[in-house]
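Values in this text are rule-based calculations from the coordinates and carry no lab data. Predicted model, so just to flag it, every value in this text is computed and none were measured. For neighbour counting, all protein chains shown are included, and Cβ atoms are generated from backbone atoms with ideal geometry for every residue, glycine included.
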């Protein structure tokens, strides 16, 4: 590992602990419960971004501002034993999980991608994917306020990476990834709208572009990696669904978003290894 990469890892890991803490703020503040279902049958909506980002960190129960010493990622939650210092109410358990998994995903991205320009869109995808997954798990909605802005930022960062590395074909494969991943889900939603929400289709657009972008320069590589991601997401979703049915019965609802995000992260990190066996058909990662 070069000196540049060591510096990147040290400072990047510290930064992503802080990013993980900020991601918890978004997860906690963005969703808002509704008194009655909206026109889509959802019991949750999202707050405007100024309301989400405004003000300092505070307890979601009593509203007391969080002291600096109580805002250290993971450590503060453990010291406080998961309870607010002011009112004693339970701090949701997703806080230490998100604060820990975010820097771990950063390390995974550096390990799999290295220090080239493709790391930019990969790092952007980490807090986006984590926040969408956590919100979907808590509320059964994929927030449009995150997905569409994140998609356009992801495209912009991918353009920067493609220009810097001189690989415009990465962008073409991003479009292929959208068609392969989001296309089947759109058809499923159109034919069986009760089987999944349109938020999953929007999320597949974001993830499909990223998966295709990281598949290399060969068009069939984009197809193959997106198909693998869709298959893996289906397996993960089915497995979680079976477990949930056994634990909660037939009324269990299982969001598909976290499975798609996990599948995308795995396929992006292991793109070279996944596509290597298909090299004889011209699918080798490049």
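What number in nm² do you get for region 15-80 if you take the convex hull of its Cα atoms and divide its surface by four? Walk me through the numbers on the way to the answer.
Values: hull surface 23.2 nm².
Averaged projected hull area, Cα only: 5.8 nm².
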Notebook entry, point to check: Label points 7 Å out from Cα along the Cβ direction at residue 179 and residue 71: separation in nm?
Noted result: 4.7 nm
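Relative to the compact-globule scaling 2.2 N^0.38 Å, provide the ratio for the alpha-carbon radius of gyration of region 1-115. Kindly include the intermediate steps, with their values, before the conclusion.
Working: Rg = 17.1 Å, N = 115, 2.2 N^0.38 = 13.4 Å.
Cα Rg divided by the expected 2.2 N^0.38 Å: 1.28.
Calculated FRET efficiency, residue 11 and residue 164, Cβ-Cβ r, R0 25 Å, to nearest 0.05? Could the numbers behind the result be given before it?
Details: r = 20 Å, r/R0 = 0.82.
The pair residue 11/residue 164 has a calculated efficiency of 0.75.
Give me the Å³ per residue figure for the convex hull around the C-alpha atoms of region 131-198. Intermediate values should be presented prior to the final figure.
Details: hull volume 6.1 nm³, N = 68.
For region 131-198, the hull spanned by Cα atoms encloses 89 Å³ per residue.
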Notebook entry, point to check: What is the gain in length, in nm to one decimal, between residue 194 and residue 156 on full extension, counting 0.36 nm per residue of separation less the C-alpha to C-alpha distance?
Noted result: 10.3 nm
Notebook entry, point to check: What is the distance, in nm, between label points placed 7 Å from the Cα along the Cα-to-Cβ direction at residue 245 and at residue 58?
Noted result: 4.5 nm
Check: Along the Cα-to-C-beta direction of residue 34, a point sits 7 Å from the Cα; which residues of region 160-200 have their amide N less than 15 Å from that point?
Finding: 197-199
Notebook entry, point to check: Mind checking the angle between helix 198-213 and the chain's longest principal axis? C-alpha axes, 0 to 90 degrees, to the nearest 10.
Noted result: 50 degrees
Notebook entry, point to check: So how tilted is helix 257-269 from the main axis of the chain? Cα-based, degrees 0 to 90, rounded to 10.
Noted result: 50 degrees
Notebook entry, point to check: For the Cα atoms of the chain, what angle does the longest principal axis make with the long axis of helix 119-139, in degrees from 0 to 90, nearest 10?
Noted result: 50 degrees
Check: Any idea how far the Cα center of region 131-160 sits from the one of region 178-210, in Å?
Finding: 14 Å
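Kirkwood Rh and Cα-based Rg: tell me the resulting Rg over Rh for region 116-286, rounded to two decimals.
Working: Rg = 15.9 Å, Rh = 16.1 Å.
Dividing the radius of gyration by the Kirkwood radius yields 0.98.
Could you state the orientation-averaged shadow area of the convex hull built on the Cα atoms of the chain, in nm² to one decimal? Before the final figure, lay out each step's value.
Numbers: hull surface 67.9 nm².
Averaging across all directions leaves 17.0 nm² for the Cα convex hull.
Provide the packing ranking of 167-180, 191-204, 81-94, 222-235, i.e. peptides ordered by the mean count of other C-beta atoms within 10 Å per residue, highest first. The partial results should precede the final answer.
Values: 167-180: 20.2, 191-204: 18.1, 81-94: 14.2, 222-235: 21.9.
My ranking of the peptides, most packed first, is 222-235, 167-180, 191-204, 81-94.
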Next item on the list: Would you calculate a helix-derived [θ] at 222 nm for the chain, using -39,500 (n - 2.57) for each DSSP H run of n ≥ 4 and dividing by the full residue count, to the nearest 500?
Entry: -22000 deg cm²/dmol
